[in-house]
1. So how many Å³ per residue does the convex hull of the Cα atoms of the range 55-141 work out to?
2. Starting with the highest mean, order 155-166, 135-146, 8-19 by the number of other Cβ atoms within 10 Å, averaged over the residues of each peptide.
3. When you count, for each residue, the other Cβ atoms within 10 Å and take the mean per peptide, how do 67-76, 105-114 rank with the highest first?
4. Report the full-extension gain for the segment residue 101 to residue 137: residue separation times 0.36 nm, less the Cα-Cα distance, to one decimal in nm.
5. Under a point spin-label approximation (7 Å from Cα along Cα-to-Cβ), what is the residue 11-residue 88 distance to one decimal in nm?
6. Please give, to one decimal in nm, the separation of the simple spin-label points placed at residue 112 and residue 24, each 7 Å out from Cα toward the Cβ.
7. For the range 60-103, divide the Cα radius of gyration by the Kirkwood radius and give the resulting Rg/Rh value with two decimals.
8. Over the range 1-155, what relative contact order in percent results from Cα pairs under 8 Å that are six or more residues apart?
């Protein structure tokens, strides 16, 4: 079970690096959907005690929301805004990849410095969770398109979800599902905002909104 869990962690690292190096928004959405699918398996791979109805319900809810509902909402927004690529981001894709590798190294170092609980499945879960949170923040601050910034928010939430599920397996089920509900509400509202911004200004570049005057 531990080797399978470590394989999921490695795939999550690769998906985050792919997000930093990809300009096509539809591809980024599909990568986030893959992340959601991988994260949905975590409740079933943490400990043997968690393989129960509660674990299956949490895994199913996570997969449905992160791998189906969120990507469908974002793809619908992508169709409405008629945007295909992230053009001229604040930080280029090569530099973003180098920054991502640096963040990965920092996350591994930080994870090695923190005391780990005895019930943790793999020592990789702490650095990978931190890495996902930092990659999400990097996407938010380095991209111009509002849709890519929403994806960054989702990646941050994925990191928090991975940290919570793996570190606190006994946390109340409602708290974990509440995280999914918060993310759903945020994506839904952001989708509506992007649609109205595109309809009003014919673009969803957040840097151009800063020049608006009363």
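1. Once divided by residue count, the hull of the range 55-141 is 114 Å³.
2. The most tightly packed comes first, giving 155-166, 135-146, 8-19.
3. Taking the mean over residues of other Cβ atoms within 10 Å, the ranking is 67-76, 105-114.
4. 11.5 nm
5. Reported label-point gap for residue 11 and residue 88 is 3.8 nm.
6. If labels sit at residue 112 and residue 24, their model points lie 3.7 nm apart.
7. In the range 60-103, Rg relative to Rh is 1.15.
8. 30 percent.
Computed from the coordinates by the stated procedures, all read-outs in this text should not be read as laboratory data. In this text, all values refer to a predicted model and were calculated from it rather than measured experimentally. Note that each Cβ is placed from the backbone with ideal geometry, even for glycine, and that neighbours are counted across all protein chains shown.
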